[in-house]
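Remarks on the structure that follows.
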Amino acid sequence: MSDTAADQTVTFQVNAQYIKDLSFEVPGSPAIFGALVNQQPEVSVQVNLDATPLGNNLHEVTLKLVLEAKLQERVAFILDLTYGGVFTVQMPEEHLQPVLMIECPRLLFPFARNIIADAVRDGGFPPILLQPIDFVSLFRSRVEAMAAEVKAKTKS
C-alpha cells in the first residue's frame, strides 16, 4: 500500500457529549406565570457553532443555543445552553470544516433539543420543541461572511 492510500483513511467518531454551560432565568417570576394564562410567549432562538482542535485528530464542537421568550416587552424566560462534543475526525483537510460545522452539530442537536425541552418544562413553562436546524445553510452563510470580510479587507 502506498503512502497516499494510507493518507486517505477516514475516521469519524463521537468520543463524548456534555453540557458545557446551562443557564435558565425567569426574571419576572412569579408574576409572569399569571400573564401566561392569557397568551403565548414569542420565542427567539440564536444559534452559534464553534470547533476547537484538541490535537491528535480530536476536536471539540460546541452548539450554543440561546432562547428568549417574551410576552409583549416582558421577558418570560431566558435559556442559554452550550452543548459540546469531542469528536475524532481524520479526513482530507478540504472535508474537515464541513464535517465539524455540519455533521457534528447535526449529531449534537437532538440531545440539546431534549435538554432545552426539559429545562423549559421544569422551569414552569410548556416545553419548547425546537424545529430542526439547517446546519448546511448556517455553514454556507458563515463561509460567505468570511469571504466578504476578506474581500473588504483587501479593498482597504
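The values are calculated or read from the model by the stated rules, or taken from the named source; none is laboratory data. Everything numeric here is computed off the predicted structure, so don't read it as measured data. Every residue, glycine as well, gets a Cβ built from its backbone with ideal geometry; the counts of neighbours run over all protein chains shown.
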Scan of segment 107-124 for residues that are under 19 Å from Tyr18 (Cβ atoms) and either crowded, with 16+ Cβ neighbours inside 10 Å or among the hydrophobic types (A, V, I, L, M, F, W, C) (or both), ordered by number: Leu107, Leu108, Phe109, Phe111, Ala112, Arg113, Ile115, Ile116, Ala117, Ala119
Can you tell me which residues in segment 62-94 are under 20 Å from Ser137 (Cα atoms), free of Cβ contacts under 8 Å to residues at least 60 places away in the same chain and out of contact with any Asp or Glu (no Cβ under 7 Å at 6 or more places or on another chain)? Leu63, Lys64, Glu94
Among the listed residues Thr88, Thr62, Thr82, identify the single one that is under 30 Å from Pro30 (Cβ atoms) and in contact with a Leu (Cβ under 8 Å, 6 or more places away or on another chain). Thr82
When you check Phe77 against the structure, is it touching a Cys at 6+ places or on another chain (Cβ under 6 Å) and at pLDDT 95 or above, yes or no? no
Subset of segment 125-137 that is farther than 15 Å from Val47 by Cα and surrounded by 18 or more Cβ atoms within 10 Å (Cβ to Cβ) - its residue that is farthest from the chain's Cα centre (by Cα): Phe125
